[in-house]
Amino acid sequence: MGDNRSGRWGEERAKRYLQWHGWHIEETNYSCRFGEIDLIASRRGILAFVEVKTRKDDSHGQAREFVTAAKRQRILAAASMYLAEHDSERQPRFDVIEVYAPQGVETRFPRINHMENAFD
């Protein structure tokens, strides 16, 4: 399910999930020379840099396992660039949201798993 359409679909579901849980979406698909961050969201003094992984299921491993060390380094570098461009007193944090969609983009109720401080 790793095509771009399903990835964007999953990001939209993750965005709605965060908004439902009181998060304000600061930016979607923030991009700089170091890499891209799927979602940047804030709530209660926290600024979360969120990587979204969309899969049909976890039969080949959990979605979070696909956030490699190299990918983490690109996200950390992009987050540093974002923080340099946007003055903020909020505490930065790195989250992963897994979106499991058995019927792909036709899935009505995907299973969403939000892991806070996923890089620790």
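Here are the numbers for this structure:
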read-out	value
For the stretch 69-100 and the stretch 33-68, distance of Cα centres in Å	10
Under Karplus coefficients 6.51, -1.76 and 1.60, residue-wise ³J(HN,Hα) of the stretch 107-119 in Hz, glycine/proline x	5, 7, 10, x, 8, 10, 10, 9, 9, 7, 6, 5, 8
Gain upon complete extension [Ile46, Gln62; 0.36 nm per residue less C-alpha separation]	3.2 nm
Crossing angle, helix 4-20 versus the chain [Cα axis fit, 0-90 degrees, rounded to tens]	70
Counted charge near Thr68, where neighbours are those whose Cβ lies closer than 14 Å (Asp, Glu -1; Lys, Arg +1)	+3
The stretch 4-115: relative contact order as a whole-number percent, Cα under 8 Å and 6+ apart	28
Antiparallel DSSP beta bridges within the stretch 4-115, percent to nearest 5	65
Helix 69-85 vs. the chain, principal-axis angle (Cα, 0 to 90°, nearest 10)	40
For Glu27, distant residues with modelled amide H under 5 Å away	Ile40
For Phe94, residues with placed amide H under 5 Å, excluding near neighbours	Phe49, Asn117, Ala118, Phe119
Label assignment, P(r) over Cα pairs in 10 Å bins from 0, in percent derived from the structure, set (i) 14, 47, 32, 6, 0; (ii) 13, 37, 27, 20, 4; (iii) 12, 31, 31, 22, 6, 0	(i)
The stretch 76-120, relative contact order in percent, only Cα pairs under 8 angstrom and at least six apart counted	37
Neighbour count of at most 13 Cβ within 10 Å plus DSSP loop: longest trypsin sites (Lys or Arg not before Pro)-free window in the chain	45-107
Separation of the Arg33 and Ser80 label points, Cα + 7 Å toward Cβ, nm	1.3
Distance in nm between pseudo-label sites at Arg8 and Asp87 (7 Å out along the Cβ direction from Cα)	3.5
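Any read-out appearing in this document is the output of simple, stated calculations on the displayed coordinates, not a laboratory observation. Quick caveat, the model's predicted, so the values are computed rather than measured. Ideal geometry is used to build each Cβ from the backbone, glycine not excepted, and the neighbour counts take in all protein chains shown.
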